[in-house]
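Derivation of every value follows stated rules applied to the coordinates shown; laboratory data play no part. Predicted, not measured: the structure shown is a model, and the values here were computed from it. Cβ coordinates were reconstructed from backbone atoms using ideal geometry, including for glycine residues, and neighbour counts include every protein chain displayed.
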Amino acid sequence: MLDKLKIPDHHYLHDGHSLRSWLLTKDHKRIAIMYLMSISVMFFIGGLFAVGIRFELATPQGDFVTADTYNKFFTMHGVIMVFFFLIPSIPAVLGNFLIPPMIGAKDLAFPRINLLSLYIYWIGGIFTLYAMISGGVDTGWTFYTPYSATGSNTNVVPTAIGIFIAGFSSILTGLNFIVTIHRMRAPGMTWFRLPLFVWAHYATSLVQVLGTPVIAITIVMLAVERGLGFGIFDPARGGDPVLFQHLFWFYSHPAVYIMILPALGVMSELISTFSRKTVFGYSFVAFSSLAIAVFGFIVWAHHMFVAGISTYAAMVFSFLSFSVAIPSAVKMFNWTATLYKGAISFETPMLYAYGFMGLFAIGGLTGLFLATLGLDVHMHDTYFVVAHFHYIMVGGAIMSYMGGLHFWWPKMTGRMYSEFFSRVSAIMVFVGFNITFFPQFVVGYLGMPRRYHSYPDEMQVLNVMSSAGATVLGLGYVLPVIYFLWSLKYGQVAGPNPWGASGLEWQTQSPPLTENFLKVPIVDREPYDYEHLVAKEKHLV
Amino acid sequence: MKIFGIPIFPEQASTFAKDVDALYFFIFAVSAFFALAVAVSVIYFGIRYHKTHDGEIGARIEGNLSLELLWSVIPTVIAMVMFGWGASVFYHLRRPPAEAMHIYAVGKQWMWKFQHLEGQREINELHIPAGQPVKVTISSEDVLHSLFFPAFRTKIDAIPGRYTELWFEAQTPGSYHIFCTEYCGTNHSGMIGTVTVLEPAQYQVWLQGGGVEGTLAQRGAKLFNDLTCSTCHLDSGQGRGPSLKNIVGKTVELQNGSLVMVDEAYLRESILNSQAKIVKGFQPMMPTFQGLVSEENLVALIEHVKSLSPDATTAAPATGAPSAAVSTQKPAAAEKK
Amino acid sequence: MSNAVVHADGHGHAHATHHSALQHHFDTMAQQKEAAVVGMWVFLVTEILFFGGLFAAYMVYRIWYFDAFAEASRSLSLFWGGLNTAVLIGSSLTMAMAVRSAQTNKRTATVNWLVLTMILGAVFLGVKVIEYADKFEHHHVPGYNFQWASHEAPAAGAPSTLLGAGEHAPATEGAAAAEGHRELSLNADQLQLTTQIYFSLYFTMTGLHALHMIVGIGIMLVITWMAWKGKFDDQYYTPVEMAGLYWHFVDIVWIFLFPLLYLVERHV
Amino acid sequence: MSGHVSPISLYITIFMALMVLTGLTVFAAFIDLGQFNFLVAMIIAAFKAALVIWYFMHVKYASKLTKLTVATGLFFLAILLGLFLVDYGSKAFTQLPPFLS
Ligand code: HEA
Ligand code: HEA
Ligand code: CUA
Ligand SMILES: [Cu+2]
């Protein structure tokens, strides 16, 4: 049957070939592709800074680059990875591409705003890259005052403005998704027939819309303080530097759920598809996304337990911090239960999904260590924290993103990549990742502080392990670039539904038409209905 | 603890270390249990239910309410245990005992300055006796820093314009790391030092050694003269300013009728922003010393004033009072003890 | 590869008559309008939280430095502030009228109301310029040679020196006391510091508010032009309505800024 | 489909009400209500804002979804301000305004 497949004549990639037809497109799928290219570039820039960090930390003395350069490395690594890679990653690429076909819509509610958000992202990115080339920043991605306001003499304001601008891109994406999910669903597509991917993106959008404005205003306050000499956080005028931290984390904690919620959404799709089984406890998984989004807003001060907040406030925020763990746990257990009595197979996306399960569990559970007051006093600002968030953000979010990319790649391009190399890369990433970041838990509990350019000799062995692992990890990330590009031309034609998946997006050709569907679909059954799929397949044969 | 000569677990050198590590192992065990439970089931299901033929699909199982409840409630209960345990350790970490020995620390780009009441001053080094609770009061001269003693399992940020404090009771003599853990600019990773825990007897010897220019309070007394404080604050109470004898630990009545408890934060405020609180019966004529006394000299002055109240048990400084903090109503009631 | 999930339907492009403003990916004008309204409100929610961050900072410092805030707020002109409040509320009325005219197919009235709204907006900004100029004159711009000298009090900006301090300090009948002010717990030096925080917030808050007004006027210029060209009718007036929502929101922000900044403590 | 058209008289009434409330808030600021000055000012402002939202911005006639959106915004604003007070309200050096403590 495979040899009969061919790429359809009409699809969104063929709807105009000029640069103009891309830059002025209103098609969510083309915008998604442009996002994919942009964030990939950003990922590799951020990754190069990580290489710099790990190279420096291979020896304890701090002899590869100067302390100032090192400080700029991790700051720019963090800024790029967080604001220009991970926050836009799944929503702006996979969400943009898939939400309309998943709900049976022709496009997002506001196609022009969608394009605008891409341009805004570019402007913000260029701004930030410019700030980095012309001197860099060294405040850490957290921009704590008073160092950022008065101490540092690097490009703090330009970088912050770059983030400010990119924030609007994130807000507009979220706004677009919310309205689209509410208003653009195909006939019959009720809320409880939505794929869990869409639920997760709905929750993400809430966070984007409600949180991002606060970081924007915080950046404005920082900019007027630094640029115009206003005193808002300035301790010399009786201002409170800790106020900045409150405002910063009011956004930046929820922002971690902007990064992880879409990844959780991808996971539900992957687990269901590759076990050919409906997701166990659909409504619990759906509502846990919303719960995570809402609870995410009430825990922020767990980043400030030793920053001078009152003992009472520390207790309240520690208590609340555990509230996010419960819906996360619910998700983990439901996915596990989904596998029970499934028909499981291990194509590359599923390998990533399995990797995710392990790494996210470790990352999330170490979050509990940090949320526990007595322990965080010791662990705060050590490599334990660094390991925690890399386990979630790299081990969790990126694993899931890669899984999703491999899963929907045939839908996006119409072609398959090399199964062999993709498995090799998935395994390299998993192994390399653990070698890189597991030792950091150990060295962190040992007391190694983060943002350290040099460190005590006795910690070298663990750091060398970490640096070695990063090499494997880095190569694991380069490989997909090669076979993905290769597949564009030489890949096997995939056909509309190579995985036998159940979602609406698989019921149209690959790559899809510009309008996604020939006719507006009418939905008359639950999601993840594999019985029906099989019955139909049999009927056809 | 070491494996093949590589340290993988920090020394336990304080009384907290055991408490914190016990908590650590508890959460570790819980986490390991859940992580393994998930990993094992996932792998087992992957093998047991591996897809065997084309077109095979999984069983139709929609969900199970009691299971959902079970696995929401159990983590909730466990999480509450973690919270409670963690909070009680934390509470302990934040409550220095009254008899604690007192040391001042000032963070500054990029060094730690420690001052003993007996007058010794150290930079990036700290000597303390074993078996004795030690309270460190911390401030910063420029940006945020954070004073971290990994072997004691405690740290706290140094915040410009405020006092924060931590305490510990070192147990095992030896030398341990001091780190600055709040990013503070170029040489953040160079802002490190060593804390040396000595046997109490050795500590006494150490105290005697070295050319010390008098105790901290004595240095403060000299400053008290040099800065002309003494011209107004006569012990007799006849000067332009009130007598500072025996005021620490007492309450003072202010001009607007409210009462203030005299503690370190109040003294600090009185010196830096003298007219924030005007003592009843006096004119607001004391000049502001903001910018004229360094953090180090400030603690010396405060120590001198405290030495004028020999039988006061020093009240803990109210954590985090900004230097210009103004409170017009009730006395700055320290966090409820 | 057709699929049972996808049915043919009579939906979508079945309607023969489409309004010219209907975009291809919507089915009906009602769907399109509802999407726009919800989208706009979601945007306004982001604006609520944007200003919310400022309000949080304001709240913290107002509690800490109430006296400085009271003192500094008294230096603002109640006349200009009150006038501006009235102007802005008036502009909200004219804006509401503009939307109403568009709803009822009255082209000229729509244009007129919009122009009137813009004029009122410009008046507001003009008054703001007067107020800002006044602050520059009185050295009330933080960071830029800020100086807080309350009325007759001695040049408080000059740091009191050790020697001269005794002479400096005003006696009991301080200027403030003479005016019958409530006893202040702050002296000149502290006011110098902490009123700066007030003015930093003042300028950030009113500055951002003014920026929003400028943007609003810009939007309205375009809308007015569109209305003039006859692009709207009772079926399609969404842009006017959206501009209206935005403008009313800016008005609401001011409704809060006015008491927070101008009326901290006037009863003395 | 052209949405609800409110009568002009309603708009005028709302406008008048807003002006009166502005006057009231200025008036209230000049009488000494102790700690309650702030509360009164905020209640009046909130009431004014509600009038604008409800009538000028047509939320009264809008869909449930729109109402929900507005409510969500206010709810999260309350979280922001409320949890700030958890820290700042419990710091040793901060007094809550007496009407809160
Ligand atoms: C995507 C990003 C992401 C995500 C999702 C999370 C999720 C969580 N994080 Fe993390 N975190 C970061 C990114 C993230 N974090 C970053 C970047 C920092 C550092 C910032 C900086 O300072 O630079 C940080 C720092 C950080 C701190 C501050 C540490 C410090 O600086 O001292 C804390 C403290 O509470 C914390 C806690 C948590 C918790 C409780 C969760 C929870 O949401 C986790 C929930 C998940 C699980 C619990 C696992 C799944 C459940 C099971 C397997 C079942 C068993 C469960 C139970 C028994 C309850 N994180
Ligand atoms: C999405 C977020 C994200 C991602 C993906 C990563 C990815 C990685 N991070 Fe990052 N990291 C952060 C977010 C992220 N990080 C944040 C927020 C901080 C805190 C910053 C701060 O303190 O302010 C941080 C800090 C941080 C530190 C601590 C620095 C310090 O405190 O001093 C370290 C140290 O090891 C580190 C390492 C790595 C490594 C090895 C990777 C790897 O996964 C990267 C893998 C990618 C590549 C290697 C690039 C691709 C490969 C090539 C270009 C080929 C050539 C390379 C080789 C052959 C090796 N990161
Ligand atoms: Cu001091 Cu870091
Ligand atoms: Cu967090």
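Amide H contacts under 5 Å for residue B:50: A:344, restricted to partners 5 or more places along the chain or on a different chain, H placed in the peptide plane at 1.01 Å from N. In order along region A:10-23, phi translates into HN-Hα couplings of 9, 7, 4, 6, 9, 7, x, 10, 6, 4, 4, 5, 8, 5 Hz, rounded to whole numbers, per the Karplus curve 6.51 cos²θ - 1.76 cosθ + 1.60 with θ = phi - 60° and x for Gly and Pro.
Considering every Cα-Cα pair within region A:188-279, what fraction, in whole percent, is farther apart than 15 Å? Intermediate results must be reported in sequence, preceding the final value.
Numbers: 2873 of 4186 pairs.
Roughly 69 percent, once rounded to a whole number.
The mean count of C-beta atoms from other chains within 10 Å of the C-beta of residues in A:171-177, rounded to a whole number, is 3. In plain terms, the residue of A:451, A:112, A:183, B:162 with the fewest other Cβ atoms within 10 Å comes first and the most crowded comes last, giving A:112, A:183, A:451, B:162. Label sites at residue B:61 and residue A:287, each approximated as a point 7 angstrom past Cα along Cα to Cβ, lie 2.1 nm apart.
Neighbouring Cβ atoms from other chains, within 10 Å of the Cβ of residues in D:54-62, number 5 on average.
Sorting A:279-291, A:481-493 by average packing, meaning the other beta carbons within 10 Å per residue, from highest down gives A:279-291, A:481-493. Estimated translational diffusion coefficient (Stokes-Einstein, Kirkwood radius over Cα pairs, 10 °C, 1.306 mPa s) of chain A: 67 µm² per second.
First measure r as the distance between the Cβ atoms of residue A:438 and residue B:18, then evaluate 1/(1 + (r/R0)^6) with R0 = 22 Å and state the FRET efficiency to the nearest 0.05. FRET efficiency, residue A:438 to residue B:18: 0.30.
Span-like helices, chain A: DSSP H, alpha-carbon axial extent 30 Å or more, mean Kyte-Doolittle 0.0 or greater, which ones?
Numbers: long enough: A:28-56 (41 Å, 1.22); A:111-133 (33 Å, 1.20); A:156-183 (40 Å, 1.48); A:196-228 (47 Å, 1.44); A:241-275 (51 Å, 1.08); A:311-339 (44 Å, 1.11); A:348-371 (34 Å, 1.40); A:419-446 (41 Å, 1.29); A:460-490 (46 Å, 1.13).
Membrane-span-like by this criterion, though nothing is claimed about a membrane: A:28-56, A:111-133, A:156-183, A:196-228, A:241-275, A:311-339, A:348-371, A:419-446, A:460-490.
Karplus-based coupling profile of region C:72-78, in residue order and whole Hz: 5, 5, 5, 7, 7, 8, 5, with θ = phi - 60° in 6.51 cos²θ - 1.76 cosθ + 1.60 and x standing for Gly or Pro.
Which value, in nm² and rounded to one decimal, describes the direction-averaged projected area of the C-alpha convex hull of chain B?
Details: hull surface 104.2 nm².
Across all orientations, chain B yields a mean hull projection of 26.0 nm².
With a 10 Å cut-off around each Cβ of A:355-362, the average count of Cβ atoms from other chains is 3. Treating r as the C-beta distance of residue B:121 and residue A:5 and R0 as 56 Å, the FRET efficiency rounds to 0.10. Quick check: the angle from helix D:36-51's long axis to the longest principal axis of chain D, C-alpha only, nearest 10 degrees? Compared with the principal axis, the helix lies near 20 degrees.
Equivalent-ellipsoid semi-axes for region D:1-61 (Cα gyration tensor, √(5λ), whole Å, largest first): 30, 12, 4. For region B:247-288, backbone nitrogen atoms closer than 19 Å to the point 7 Å from residue B:238 Cα along Cα-to-C-beta are found at B:282-283.
According to the Cα gyration tensor, what semi-axes, each the square root of 5 times an eigenvalue, does the equivalent ellipsoid of region B:139-288 have, listed from largest to smallest in whole Å?
Numbers: eigenvalues 263, 86, 47 Å².
Output for region B:139-288: semi-axes of 36, 21, 15 Å.
Sorted ascending by nearby beta carbons within 10 Å, beginning with the fewest, C:24, D:58 become C:24, D:58.
Computed from Cα positions, the angle between helix B:15-48 and the longest principal axis of chain B comes to roughly 20 degrees.
Give me B:61, A:219 sorted ascending by neighbouring Cβ count inside 10 Å, so fewest comes first. Provide the component values of the computation, followed by the final result.
Values: B:61 16, A:219 24.
Result, fewest neighbours first: B:61, A:219.
Work out the length of the dipole vector of the protein assembly as shown about its Cα centre, built from +1 on the beta-carbon of each Lys and Arg and -1 on the beta-carbon of each Asp and Glu, and round it to the nearest 20 debye. Each step should come with its number before you reach the end.
Working: 72 positive and 78 negative charges, 631 e Å.
Charge dipole of the protein assembly as shown: 3040 debye, to the nearest 20.
What do you get when you divide the Cα radius of gyration of region B:101-208 by 2.2 N^0.38 Å, with N the number of residues? Kindly include the intermediate steps, with their values, before the conclusion.
Numbers: Rg = 13.0 Å, N = 108, 2.2 N^0.38 = 13.0 Å.
For region B:101-208, the normalised Cα radius of gyration comes out at 0.99.
Only the Cβ atoms of Lys and Arg (+1) and of Asp and Glu (-1) were treated as charged; on that basis the dipole of region B:1-154 about its Cα centre amounts to roughly 120 debye. Can you list, bin by bin at 10 Å, the percent of alpha carbon pairs in region A:51-150, starting at 0? P(r) over region A:51-150, rounded to whole percents: 13, 33, 26, 17, 9, 2. For region A:121-210, what class follows from the C-alpha gyration tensor (a ≥ b ≥ c being the square roots of its eigenvalues): rounded when a/c is under 1.5, otherwise prolate if a/b is larger than b/c, else oblate? Since a/c reaches 1.5 and a/b is larger than b/c, the shape of region A:121-210 is classed as prolate. Between residue B:204 and residue A:532, the simple spin-label model (points 7 angstrom out along Cα→Cβ) gives 8.7 nm. When the Cα centres of region A:478-520 and region C:182-253 are compared, how far apart do they sit, in Å? Between the Cα centres of region A:478-520 and region C:182-253 lies a distance of 47 Å.
Note down the relative contact order for chain A as a percent, whole number, built from C-alpha pairs under 8 angstrom at least six residues apart. Can you show the working numbers first?
Working: 896 pairs, mean separation 103.4, N = 541.
The normalised contact order for chain A reaches 19 percent.
Using the Cβ atoms and a cut-off under 12 Å, what net charge is assigned to the surroundings of residue B:49, where Lys and Arg are +1 and Asp and Glu are -1? Mind dumping the intermediate values first?
Numbers: positive: A:276, A:277, A:341, B:48, B:51; negative: B:56.
Result for the local shell: +4.
Where does the charge balance sit around residue B:279 when Lys and Arg score +1, Asp and Glu -1, over other residues with C-beta under 13 Å from its C-beta? So the surrounding residues net to +2.
The share of alpha-carbon pairs in region B:216-307 lying farther apart than 20 Å comes to 27%.
Excluding residue A:470 itself, calculate the net charge of residues whose Cβ lies under 13 Å from the Cβ of residue A:470, where each Lys or Arg counts +1 and each Asp or Glu counts -1. Could the numbers behind the result be given before it?
Working: positive: A:54; negative: A:56.
Once all neighbours under 13 Å are counted, the net charge is 0.
Cross-link reach is defined here as a Cα-Cα straight distance under 23 Å, omitting same-chain residues fewer than 8 places apart; for residue C:231 the lysines meeting it are A:26, C:33, C:106.
Here the extension length gained between residue A:112 and residue A:236 equals 40.0 nm, from 0.36 nm per residue of separation less the Cα-Cα distance.
Under the simplified labelling scheme, the residue A:64-residue B:230 pair shows an inter-label distance of 5.9 nm, with each label point 7 Å from Cα along Cα→Cβ. Loop sites here are GluC sites (Glu not before Pro) outside DSSP states H, G, I, E and B with no more than 11 other Cβ atoms within 10 Å. The longest part of chain B free of them is B:214-337. Would you mind checking which residues have amide H under 5 Å from residue B:135's amide H? H placed 1.01 Å from N; only 5 or more apart, or other chain. Amide H neighbours of residue B:135: B:101, B:102, B:103.
Would you mind giving the average projected area, over all directions, of the Cα convex hull of the protein assembly as shown in nm² with one decimal? Write out the running numbers ahead of the final one.
Values: hull surface 191.8 nm².
Averaging across all directions leaves 47.9 nm² for the Cα convex hull.
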